[in-house]
Amino acid sequence: MFLEPVLSLAHRDYWHCFEQLLHHDTCGRLSSVSLAVQQTTACSKLITSQGRGRFFIRLMLMRRTLGNFVKHLLHTNRVIEVSRHSIIYWLFCCNYCLKCLQTEPFLSLSMVLSEMNFKISIENCSFLDESWLLPVCQIYEAVPCRELGMVLRYLDGRVFLLDLLQGSQAQVDMFAEPGDIIDEINGISLRNASNGQAGVVLSKLKSQPLSIHLIRWRGEDGSIYQPLVKHLRQLKQEKPSLRFGPKPASQILYGVHLLGKANIGMHGGKEVLQHVIPVVLESSQEVLLDIKETHLTSKVSPFDQELFQHHFPEISCVGRFGSQPDLTIFAFSAGFKHTEWFV
């Protein structure tokens, strides 16, 4: 479901104002704008006027021509009559400037934006019809093979990956996971694809190297990309074993033997140690040790409560906090199993 167009009374959007500019501007200096309009119109990944308008704005920002475009728009009265209540909306959701003919603040701002460098991916545009928020887009280069081994599902004109066949090229390379979208193959867009279209494209490219553009179901933060929530729920209904959720925090856990902890008093000597060592050895258990940048923690399993947590300045041999009343010493030995080589 798409949002209502900005000019809802006439069922028009600000993209129509951009198109009209080429027909009503008389200065004859619209080459850059004309090329941007043509590129936007020709983009097969865009279906709605709202998506084309968003793409056009991103194109203007990337090419640093937004200021010149606004200048042309402001001196074309015919277009201003139509876009008076929408031109500010598409960038800043505020129509006060043009409403009151106070165009200088907006023009100055657009000129400042034209001096900035925006790192914008024009190829990643398949979801501009639904949202300004863009997904993670990656490219997979596949060598010629008999078959990739992907099970596909077509939903709302998009090609979803439902499963990977065991032992197939796709499963071995692990370049995608269920829920991802095949957006493009060797420059051929699969936006608004009909059932079986991806298979037809792959059959035509048989025995050729493949360049596959993938849209990940995970966003930049590891959570589900919001415009895909509805589709992923439908995939999960068809295959309940699918799991879509936040990406677990990355950590490296080492399996170690925790010998234990014993208090040797303020003046521990060999007399105390000969009694403490057997006590420690009897309390040995296998645990997981997580060594982080500033501290280390230990757990019995990844989901259990922490057994202990020590920051390095509290347990290190050098650089220890002098004000720490706890004189805990974290001692360890490391080596190869079944050998006498230990550190």
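Derivation of every value follows stated rules applied to the coordinates shown; laboratory data play no part. Only a predicted model underlies this, so the values are computations on that prediction, with no experimental measurement involved. Glycine gets a Cβ as well: all are built from the backbone with ideal geometry, and neighbour counts include every protein chain shown.
Points to keep in mind about this one:
- Nearest-0.05 FRET efficiency for residue 48 and residue 236, computed from C-beta distance (R0 25 Å): 0.40
- In this structure, the amide hydrogen of residue 300, modeled 1.01 Å from its nitrogen in the peptide plane, lies closer than 5 angstrom to those of 288, 307, counting only residues at least 5 positions away or on a different chain.
- In terms of other Cβ atoms within 10 Å, 19, 271 run from fewest to most in the order 271, 19.
- Protection proxy ranking, highest mean first, for peptides 134-144, 283-293: 134-144, 283-293, where packing is the per-residue count of other beta-carbon atoms within 10 Å, averaged.
- Table column - 3J(HN,Hα) (Hz), the stretch 279-287, Karplus curve with 6.51, -1.76, 1.60, x for Gly and Pro: 5, 5, 5, 6, 9, 5, 8, 7, 9
- Rel. contact order, % - alpha carbon contacts under 8 angstrom, at least six apart, the stretch 157-229: 31
- The residues neighbouring residue 151, those whose beta-carbon lies less than 10 Å from its own, together hold a net charge of +1 under the Lys/Arg +1, Asp/Glu -1 convention.
- Taking 0.36 nm per residue of sequence separation and removing the Cα-Cα distance, the residue 39/residue 264 pair yields an extension gain of 73.3 nm.
- With a cut-off of 12 Å between beta carbons, the residues surrounding residue 120 carry a summed charge of +4, where Lys and Arg count +1 and Asp and Glu -1.
- Integer Hz, Karplus 6.51/-1.76/1.60 couplings in order for the stretch 224-229, x for Gly and Pro: 5, 5, 4, x, 9, 4
- 3J(HN,Hα) couplings calculated from phi for the stretch 160-175 with the Karplus curve 6.51 cos²θ - 1.76 cosθ + 1.60 (θ = phi - 60°) are, in sequence order, 8, 8, 8, 6, 10, 6, 4, x, 6, 4, 5, 6, 5, 6, 6, 8 Hz; Gly and Pro show x.
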